[in-house]
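The values are calculated or read from the model by the stated rules, or taken from the named source; none is laboratory data. If you're wondering where the values come from, they're calculated on a predicted model, not measured in any experiment. Here the Cβ positions follow ideal geometry from the backbone for every residue, glycine too, while neighbour counts run over all protein chains shown. Remember, those area values only see protein heavy atoms, side chains included, never the ligands or the DNA or RNA. Shrake-Rupley method; radii C 1.70, N 1.55, O 1.52, S 1.80 Å.
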Amino acid sequence: MATKRLARRLGLARSSGRARSGGRPAAGQRFGYLIVLDFEATCWRDGRRRGPEIVEFPAVLLNTSTGEIESEFHTYVQPQEHPILSEFCTELTGITQDQVDEGVPLNICLSQFMKWIQKMQKEKKIIFTTDVQSNATPEAKACTFVTWTDWDLGVCLQYECKRKQLRKPDILNSWIDLKATYRAFYNRKPKGLSGALQDLGIAFAGREHSGLDDSRNTARLAWRLICDGCVLKVTKSLDKVSNYFVSSLPLAL
Ligand code: AMP
Ligand code: MG
Ligand code: MG
């Protein structure tokens, strides 16, 4: 019994009532593809209350049948309210002043991101939805977003778009919070993304607080949850409309 409990704590066994899949993804995943996002934003050591502005905007497309990352989007973003990065921000994220100076403003970044989304939608036959049952067909694969916590889409992008009066793409109104999913599935509170991976015997690959590396590692963690039999579901929705077709969204933001 104690061994079982320890194994469960280490993520080697699943919580009671759920069968382990033996390393293969469980059938019945709602989403054929997931887009994992992890933003980096302006920050200061003193933690004074200033609205964070996104400085790195990465996204990776995970195939939930194979565990492969099939495409990536990545851009650095110029902060405009506080254009000079703090030393603390560069130390934390590894992002330099030159990288953001050569980046694009957030409205352009969102426009480029939506072009990538539309390309993926065409190439992979993806539909964006929070409720797969009604839309998924053998030809079309359902897709949604995944983040570690609700901060990226529920706080950072949400309030930056409000402050700057930018139109936030509607597809970014719902997502899977992988931290909440992890907590519920393994019945334990993870110590950050790297702690969550470590508890499962997975080493964080690359640099923590690099948006792209954080996204790739979050995708690896999502894949592990899938392999352990977790059926990933949308955990947060900011609006009442449940189905989105990107082709019907305007590109101009
Ligand atoms: P993360 O995805 O954990 O790298 O964090 C996303 C953003 O949250 C960072 O780019 C920072 O703006 C902010 N952040 C993360 N950790 C800290 C910290 N220890 N102090 C201040 N801001 C932080
Ligand atoms: Mg993050
Ligand atoms: Mg990060």
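Listing for the model above:
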| read-out | value |
| --- | --- |
| Residues located in the stretch 156-172, provided they are open to solvent by less than 20 Å² (accessible area, probe 1.4 Å) and away from ligand 3 (no atom under 16 Å from the Cβ) | CYS161, PRO169, ILE171, LEU172 |
| Subset of the stretch 31-71 (residues that are in a loop (DSSP other than H, G, I, E, B) and within 15 Å of ligand 3 (Cβ to nearest atom)) | ASP38, PHE39, THR42, CYS43, PRO52, GLU53 |
| Subset of the stretch 47-82 [within 27 Å of PHE128 (Cα to Cα) and free of Cβ contacts under 8 Å to residues at least 12 places away in the same chain] | THR66, GLU68 |
| Wholly enclosed helices (runs of 4 or more DSSP H) of the stretch 155-211 bearing at least 3 residues among the aliphatic types (A, V, I, L, M) and in contact (Cβ under 8 Å) with a residue 24 or more places away in the chain | 192-199 |
| Residue satisfying all of: in the stretch 145-155; more than 8 Å from ligand 1 (Cβ to nearest atom) and crowded, with 23+ Cβ neighbours inside 10 Å; farthest from VAL231 (Cα to Cα) among these | THR147 |
| Any helices (runs of 4 or more DSSP H) falling wholly within the stretch 74-134 and containing at least 2 residues that are open to solvent by less than 30 Å² (accessible area, probe 1.4 Å) | 87-93, 106-124 |
| Only one of ALA222, ALA205 that is exposed (fewer than 15 other Cβ atoms within 10 Å of the Cβ) and within 16 Å of ligand 1 (Cβ to nearest atom) | ALA205 |
| Flag for ALA142 being buried (at least 20 other Cβ atoms within 10 Å of the Cβ), of a type in the set (Gly, Ala, Ser) and touching a Leu at 6+ places or on another chain (Cβ under 6 Å) | no |
